[in-house]
Amino acid sequence: MADVPRKRSAFSKPDDYNANAGFNASSPPPQDSLEPGNYPQDNFRGDSNIYIPPPPAEDSVPENVKVDLTTPLEALWVIAGVIALIGAFYFYSEGNFGHYSKSSRMRFPPQPHLLAYIPYALFTAAASFLCWFFTDNYYIFNTRLKKILYHFKLFSIVNITEFLNAEQLYAIGVTGTRKHSKHRSWWEYKIVVIANDGTVTDFSNYTRDGRYELNSKARGMAAVMGCRFADCPSESVLKTYIENGRVRYVYFDSNVSLLGSASGLFTSSGRSGDVSPMTAFIAVAVTLMVIFAAAYFTSR
């Protein structure tokens, strides 16, 4: 099914967006927007989807623009809490009822000593969700200094650091990934920021029907920073070509297998100390499984 814009970009006026042609290039640049008006087709490596949009007027955008999304640390707290709740249910079930093994066709009796571990699992879950509630991480575009800042907050600890400046930034664009269920498959999209060294950082959550809106928003970001913009076509993945530790060019690949599209889940966000949600999930799951297994076997 073709993408249909559901709502206007956060960086453009309602009149500037056209469902068939994307942004209306014939209109003048908005006066309260990060969205550029008409832009040249300054191509890179022959890809017309990669170009540098013109900067907006300095007085047309706010000094700081917040970009909020689910960061890896926030996802980690939720994953840890859910796994801890599953562990608490396991201890409760095994402690009171035991289980039946289909492979050996044996009935294992209840093990009441496992009930003692339920409070620890519940405490871990409560602590994880509490940390998630008091964590507020996001990015800030400073349009005057042309820098991207990172805002970190955990309880009362607040720290704002420089993430990237215009000289370190190669491109901002949108990339897709192919998802599937038992009976069908579909594509989801997100905004990414690509540094000169090839580091790719997520700048939005995945959305299924928001390609037009994400392209419009990413175009406004690139216009403010004065970098390349990668306008994602339907069902395509944004890739980088790196040579000698630096990005030579970026391009879109529409011939991507399901495995190749999903491989980006394991890519680090590029923020020091951050990991991708999939890597965080595996790490937390393995750690808690080891703890639960050690508690189980040492208590027998």
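The values are calculated or read from the model by the stated rules, or taken from the named source; none is laboratory data. Source: prediction; values computed, not measured. Cβ coordinates were reconstructed from backbone atoms using ideal geometry, including for glycine residues, and neighbour counts include every protein chain displayed.
Can you go through 93, 104, 156 and tell me which one is in the same structural domain as residue 218 (by TED's automatic domain parsing), small (Gly, Ala, Ser) and more than 20 Å from the chain's Cα centre (by Cα)? Break it down stepwise before answering.
Working: 93 fails: in the same structural domain as residue 218 (by TED's automatic domain parsing); 104 fails: in the same structural domain as residue 218 (by TED's automatic domain parsing).
Being in the same structural domain as residue 218 (by TED's automatic domain parsing), small (Gly, Ala, Ser) and more than 20 Å from the chain's Cα centre (by Cα) holds for just one of 93, 104, 156, which is 156.
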Near pairs, Cβ below 9 angstrom, 6+ apart or cross-chain, from region 103-122 (touching a residue at least 40 places away in the same chain (Cβ under 8 Å)) to any residue that is exposed (fewer than 12 other Cβ atoms within 10 Å of the Cβ) and of a type in the set (Asp, Glu) = none
Is it the case that some residue within region 65-72 is assigned by TED's automatic domain parsing to the domain that holds residue 221, aliphatic (A, V, I, L, M), within 30 Å of residue 145 (Cβ to Cβ) and crowded, with 19+ Cβ neighbours inside 10 Å?
-> no
Look through region 117-147, keep the residues that are assigned to a strand (DSSP E or B) and of a type in the set (Ser, Thr, Tyr), and return whichever of them is farthest from residue 192 (Cα to Cα).
-> 135
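Report whether or not residue 114 is part of a helix (DSSP H, G or I), on the phi < 0 side of the Ramachandran plot and modelled with pLDDT under 90.
Taking the combined requirement at face value, the residue satisfies it.
For region 167-202, enumerate the residues that are basic (Lys, Arg) and either under 18 Å from the mean Cα position of the chain (by Cα) or under 17 Å from residue 239 (Cβ atoms) (or both).
To start, the set of residues in region 167-202 that are basic (Lys, Arg) comprises 178-179, 182, 184, 190.
178, 179, 190, listed by residue number.
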So is residue 216 buried (at least 24 other Cβ atoms within 10 Å of the Cβ) and either farther than 19 Å from residue 70 by Cα or acidic (Asp, Glu) (or both) or not?
-> yes
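Using the structure shown, decide if residue 221 is under 17 Å from the mean Cα position of the chain (by Cα), farther than 24 Å from residue 255 by Cα and modelled with pLDDT under 95.
Yes, satisfied.
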